[in-house]
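The values are calculated or read from the model by the stated rules, or taken from the named source; none is laboratory data. This structure is a prediction, so every number in the text was calculated from the model and none was measured. Note: ideal-geometry Cβ built from the backbone for every residue, glycine included; neighbour counts use all protein chains shown. The protein model used for the area step is the full one, side chains on, heavy atoms only, and it has no ligands, DNA or RNA in it. Shrake-Rupley method; radii C 1.70, N 1.55, O 1.52, S 1.80 Å.
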Amino acid sequence: MTVESTAARKPRRSAGTKSTAGKRTTAKNAPGTDPELVQLLTPEGERLKNPENATYDKYVADITPDELRGLYRDMVLTRRFDAEATSLQRQGELGLWASLLGQEAAQIGSGRATREDDYVFPTYREHGVAWCRGVDPANLLGMFRGVNNGGWDPNGNNFHLYTIVIGSQTLHATGYAMGIAKDGADSAVIAYFGDGASSQGDVAESFTFSAVYNAPVVFFCQNNQWAISEPTEKQTRVPLYQRAQGYGFPGVRVDGNDVLACLAVTKWALERARNGEGPTLVEAYTYRMGAHTTSDDPTKYRADEERESWEAKDPILRLRRYLEASNHADEGFFAELEAESEALGKRVREAVRAMPDPDRFAIFENVYADGHALVDEERAQFAAYQASFADEGGH
Amino acid sequence: MAEAVTFKNMALAKAINESLRRALDSDPKVLIMGEDVGKLGGVFRVTDGLQKDFGESRVIDTPLAESGIVGTAIGLALRGYRPVVEIQFDGFVFPAYDQIVTQLAKMHARSLGKVKLPVVVRIPYGGGIGAVEHHSESPEALFAHVAGLKVVSPSNASDGYWMMQQAIQSDDPVIFFEPKRRYWDKAEVNTEAIPGPLHKAQVVREGTDLTLVAYGPMVKLCQEVADAAAEEGKSLEVLDLRSVSPLDFDSIQASVEKTRRLVVVHEAPVFLGSGAEIAARITERCFYHLEAPVLRVGGYHAPYPPARLEEEYLPGLDRVLDAVDRALAY
């Protein structure tokens, strides 16, 4: 689209200067609109087996119907939770929400590939991964409601706090992985980030460090096509997974709306890490169906048809088609899950509304581990100020 | 009894080196990281010989990426390590400033105390060595302004040794500013007798007429100023702050209540610097004791100048003496 309109604005560029015109439009086309994807499940729900995906297929070859239903359940509940959070934001219960709508397969597939002793470094949209790690969904909402800046113990589920500054956590993941290697442990680390973050220096530096120290880390980039209003074309001139090659480790692009493929590829990458083979970049090619956050208005920068084309690749729908076609799930299963979804929505809604505002002295809590004279002084001033209301018989 | 105590005469750089060696030796979780810290021993040789004795997995030469150094140190700390990272020069810390300010400083609070980040960021800082640009700056106020960070600066070998021990043992991130022009100054270090806490200021010279407050490279200058003033019959007290965050206002107050006059000296630009904070707080605390306004001597609101002009820019003996005279004239 942009290619054509650029050409149309520049009629001087006749057929004779085609190569120049081509150069100028490379940026638009480079990331690949027809990417080579690892895919195990087509949008129509057909199970694919071919020589191209054989490397990864074996990681899900023995998956049971029960496990398949489990993946489906994870995606449905995550979507339901996400929808509830979006509604809660609209109702004024949350200050902001970053929806994962459309990215359920990328998150559940990769999240379910992790082992309990692995460590996960998310950005701020990894609600599905958090679900896989056993973090209570309600705990994810505290920071969006404004009652805390984190909300869970990172060591409780080996799931680090959400990171707002784009790409910072990829370095933390790398350092943590360097520590694992030093400890001689066989666990691994997975770092999540988006296509926008791929432009950040910290991500490049994490690639450098992880390669140099052969750190057991998997970089899981969810390329959801948009960094707020900026398309992937504004981030890169080569497909993102190809970046890895320049750092000396493998990169692979997986169909991010195919939960089986995401599970298989991530298992493969984590196994490499555990075996001491170093980092891997996985680019999950997917789509953010909703807004960047609830403050965003995607109608200003992208066409409805684009979303519609991706809806046809819906990750949940495609697994449902497969489950139905293979008789791995019956109506009873889907009905039961529907009821479970509603119950989850209700529980989350009630939990958010019941969240108390933090104690006002929380401002001064945990600023330092060892304490700090200035914090002590200001806490005392604050306490005296608060007490002055009590003296006046106020509130 | 004296035999039981180990005194060594050594330069500041060597004292920090011995301190790092002791930390590496006593805690297997302590790591040294940075550019050129291994075989070369750092451009100031502060880590000299450590990689040889502790190996490449404890003393780690890193890629040339400051954000990467601090960011991976955070990850290592999350895994239970205690990294001591070196930023080669003051002006090179800014690529890492994001990681230090948005991540290192805040993670303990964000995790409601579940996560501790015992990371020490060593930064050789300050001017007076004739370096090229970005090699002579004093950005301590930029870090002291950030809650969650501790900011310290030793002025002598003994403090270099002990403050490094204390910084590494701290569960908080510590920005450790090393006055590079004092690296080669020798002093006696008692490696057995543990001195006061990391954040306690120290009276390094007693006096009655005026208090000079300084830290890091300016402490020695202030002692010279006090010597010069003494020849004119003026008795100056010199206080070595040692820590910029937290600031030991109690010690400054005690001194000012005695001398009733205060001049703060630092190399960093005066505008919105640590001297401004000291002046404001001491004015609040000691308003009725003060005989003169608190005066500040420091750098100008200009980029650090080329080496041939740095003696004009840096506080020197005469500039500080002028401020002392002005304060005493009230």
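For segment A:54-162, the set of GluC sites (Glu not before Pro) satisfying both a DSSP loop assignment and a count of at most 10 other C-beta atoms within 10 Å is given as A:Glu116. Surface exposure of chain A, expressed per residue as accessible area with a 1.4 Å probe, stands at 44 Å². Note on segment A:72-117: Cα Rg divided by 2.2 N^0.38 Å, N the number of residues, gives 1.32. Shown here for segment B:204-246: GluC sites (Glu not before Pro) in loop regions (DSSP other than H, G, I, E, B) with at most 15 other Cβ atoms within 10 Å, namely B:Glu206, B:Glu232.
Since only A:Ile164, A:Tyr119, A:Val135 are under comparison, the one whose Cα sits farthest along the positive direction of the charge dipole of segment A:105-181, derived from C-beta charges on Lys, Arg, Asp and Glu, is A:Ile164.
Cross-link partners for B:Lys258 among the lysines, with Cα-Cα distance under 28 Å and sequence neighbours closer than 8 places in the same chain left out: B:Lys200, B:Lys220, B:Lys234. Label sites at A:Glu324 and A:Ser309, each approximated as a point 7 angstrom past Cα along Cα to Cβ, lie 2.6 nm apart.
Between A:Gly179, A:Gly109, A:Gly128, the GNM of chain A built on Cα springs shorter than 10 angstrom shows A:Gly179 fluctuating the most.
Of the GluC sites (Glu not before Pro) found in segment A:321-395, those that fall in a DSSP loop while having at most 11 other beta-carbon atoms within 10 Å are A:Glu392. Would you mind checking segment A:263-279 for residues with the amide N under 11 Å from a putative spin-label position 7 Å along Cα→C-beta of A:Ile63? Residues A:263-267 qualify, since their backbone N sits under 11 Å from the label point. Here's the picture: charge each Lys and Arg Cβ at +1 and each Asp and Glu Cβ at -1 in the protein assembly as shown, and of B:Gly298, B:Ser251, B:Ala280 the one pushed furthest to the positive end of that dipole is B:Gly298. Residues considered: B:Gly207, B:Gly148, B:Gly55. Largest GNM mean-square fluctuation over chain B, using C-alpha springs under 10 Å, is found at B:Gly55. Computed from the Cβ-Cβ distance with R0 of 25 Å, the FRET efficiency linking A:Thr299 to A:Thr42 stands at 0.25. Summing charges over neighbours of B:Lys29, with a neighbour being any other residue whose Cβ is under 11 Å away from its Cβ, gives +2 when K and R count +1 and D and E count -1. For the pair A:Arg237 and A:Asp186, label points projected 7 Å from Cα toward Cβ lie 4.4 nm apart. For the protein assembly as shown, a crude dipole built from +1 on the beta carbon of Lys and Arg and -1 on the beta carbon of Asp and Glu, taken about the Cα centre, is about 1600 debye to the nearest 20.
Over all other residues within a Cβ to Cβ distance under 14 Å of B:Glu224, the charged ones net out to 0, with Lys and Arg as +1 and Asp and Glu as -1. When A:Thr294, B:Thr72, B:Thr283 are compared by accessible area at a 1.4 angstrom probe, the order from most to least is B:Thr283, A:Thr294, B:Thr72.
Given a Förster distance of 60 Å, report the FRET efficiency between A:Glu342 and B:Thr208 from their Cβ-Cβ distance, rounded to the nearest 0.05. The calculated FRET efficiency here is 0.15. The mean number of partner chain beta-carbon atoms within 10 angstrom of a residue's beta-carbon across peptide B:190-199 is 1.
Taking a point 7 Å from the Cα of B:Asp250 along the Cα-to-Cβ direction, the residues of segment A:353-379 with backbone N closer than 19 Å to it are A:368-379. Roughly to the nearest percent, how much of the accessible area of chain B is carbon and sulfur, given a 1.4 Å probe? Of the solvent-accessible surface of chain B, carbon and sulfur hold 53 percent.
Assuming charge only on the beta carbon of Lys and Arg (+1) and of Asp and Glu (-1), the dipole of chain B about its Cα centre is about 960 debye to the nearest 20. Comparing A:Asn224, B:Met164, A:Phe364 along the charge dipole axis of the protein assembly as shown, the residue lying farthest to the positive side is A:Asn224, per the Cβ-charge model. For chain B, DSSP calls about 25 percent of its internal beta bridges antiparallel. A:Met289: net charge of surrounding residues, Cβ under 13 Å, Lys/Arg +1, Asp/Glu -1, itself excluded? With Lys, Arg at +1 and Asp, Glu at -1, the net is -2. Inter-label distance, A:Val147 to B:Leu328: 6.3 nm, where each label sits 7 Å from its Cα along the C-beta direction.
Please state the shape class of chain B: rounded when a/c is under 1.5, otherwise prolate if a/b exceeds b/c and oblate if not, all from the C-alpha gyration tensor. Because a/c hits 1.5 or more and a/b exceeds b/c, chain B counts as prolate. Measuring with a 1.4 angstrom probe and ignoring ligands and nucleic acids, A:Ile164 comes out at about 100 Å² accessible.
Per-residue mean of foreign Cβ neighbours for B:109-121 is 6 (Cβ atoms of other chains, 10 Å radius). Burial here means at least 20 square angstrom less accessible surface with every protein chain in place than with the chain by itself, probed at 1.4 Å; in segment A:155-172 the buried residues are A:Asn155, A:His160, A:Leu161, A:Val165, A:Ser168, A:Leu171, A:His172.
For A:Gly290, the residues whose modelled amide H falls within less than 5 Å of its own, excluding neighbours fewer than 5 places apart on the same chain, are A:Leu101. The charge dipole of segment A:331-395, taken about its Cα centre with unit charges on the Cβ of Lys, Arg, Asp and Glu (plus for the first two, minus for the last two), comes to roughly 140 debye.
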